[in-house]
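The values are calculated or read from the model by the stated rules, or taken from the named source; none is laboratory data. This structure is a prediction, so every number in the text was calculated from the model and none was measured. Note that we place each Cβ from the backbone using ideal geometry, even for glycine, and neighbour counts take in every protein chain shown.
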Amino acid sequence: MTMLATDLSDNTNRWGMPPAAARAIAEQAGQSMRYPEAYADTLKRAIGGYTGAPPEAVVTGCGSDDVLDAAVRACGDPGDRLATCDPSFVMVPQFARLNGLTPIPVSLTSSGDIDVTALLRTQARIIYVCSPNNPTGTVTSCARVAALAESTSATVIVDEAYAEFARESLLDLALTRPNVVVVRTMSKAFGLAGLRVGYAVANPGLAREIETVRGPYKVNALALAAATAALEEDLGWMRTHASLVRDLRTRFAAALCERGLTPLPSAANFVFVPLASADRIAVAMRAVDAVAVRAFTGLCRFNEELAASDGAALRITIGPWDELERALVALDRARIACA
Ligand SMILES: *Cc1c(COP(=O)(O)O)cnc(C)c1O
């Protein structure tokens, strides 16, 4: 694997990992001949302490990808439909197909919010909502998700991978509505993407069903130790960096606007910029300045900017300002080269 000078392509934590997690891994390493807890009970209690959810409402997994896959299997049957917003997290249609369900994309509204009526019209058994949404960074209004959950017997999966960078969370809805599952991860704000730890909060019956279709021992001992330490000892580290991300995000978006670009309002640790020829620009940024950003093409044109860019856009992770400055220099050069 070649190491890139500046990798702003995958929304992982550019400040590293919580020191308490690194220490916990070192302490735990010598115990690797032993099996971990089958259902990560210690971690569930730590997640309970962080989120306010009772441990029996929590299910953990090998990354939130594992939890999403298991939730799809637990809540749908082969042949059912799974409605997703478009554009949204690319893995979800794959999890639908892997489990024999048919993904049905439903365009976001022009403001980047969810279209409740259109989602309900799909007659889907599972409705997936990502807020803040990857790749757009936009938030879904809590009122709309609550209205959606109330008007359907479908399971509503709310992916909050970026909740720590946003103002609001729908966690309470998962604790009060039987058909809502909120999925979270330790991969972004908590800086532990390589360890693969995710979790969901749902009513205890549904949480157990998700756990049952998935099976035991999915969170390994080092990941368990690191995630528990991060949650119990290093929330300050996480919050300091999440707050820094919010400030840098504002500053970076302003720099993009000064260049005549139109980034969408972001509540996540990345900024989404509709931009024609985004794929060629990303290749040039990488080749000339060793800056990696994520390019999208052929996206659903849910607003005017995406219609103007022919459905192309860049998604740029928020890192320390020197990295964002390098990205701006690389972007300026690449736009001239690709004009
Ligand atoms: C990054 C991301 C995840 C996290 O996946 P993990 O498997 O926990 O690393 C989940 N959902 C979305 C929308 C993401 O962007």
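Okay, here's what the table says:
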read-out	value
Qualifying positions in segment 172-199 - crowded, with 18+ Cβ neighbours inside 10 Å, within 21 Å of residue 41 (Cα to Cα) and within 11 Å of the ligand (Cβ to nearest atom)	183, 184, 185, 186, 187, 190, 192, 195, 196, 197, 198, 199
Residue check, residue 117 free of Cβ contacts under 8 Å to residues at least 40 places away in the same chain and either touching a helix residue (DSSP H, G or I) at 6+ places or on another chain (Cβ under 6 Å) or over 25 Å from residue 268 (Cα atoms) (or both)	yes
Count of residues meeting criterion [within 15 Å of the ligand (Cβ to nearest atom) and among the polar types (S, T, N, Q)] in segment 42-75	2
Residue tally, condition more than 16 Å from the ligand (Cβ to nearest atom) and surrounded by fewer than 22 Cβ atoms within 10 Å (Cβ to Cβ), over segment 77-105	10
Output for segment 145-171, where each listed residue is away from the ligand (no atom under 16 Å from the Cβ) and at pLDDT 95 or above	146, 147, 148, 149, 150, 151, 152, 153, 154, 155
Any chance residue 199 is more than 28 Å from residue 148 (Cα to Cα) and not in a helix (DSSP H, G or I)	no
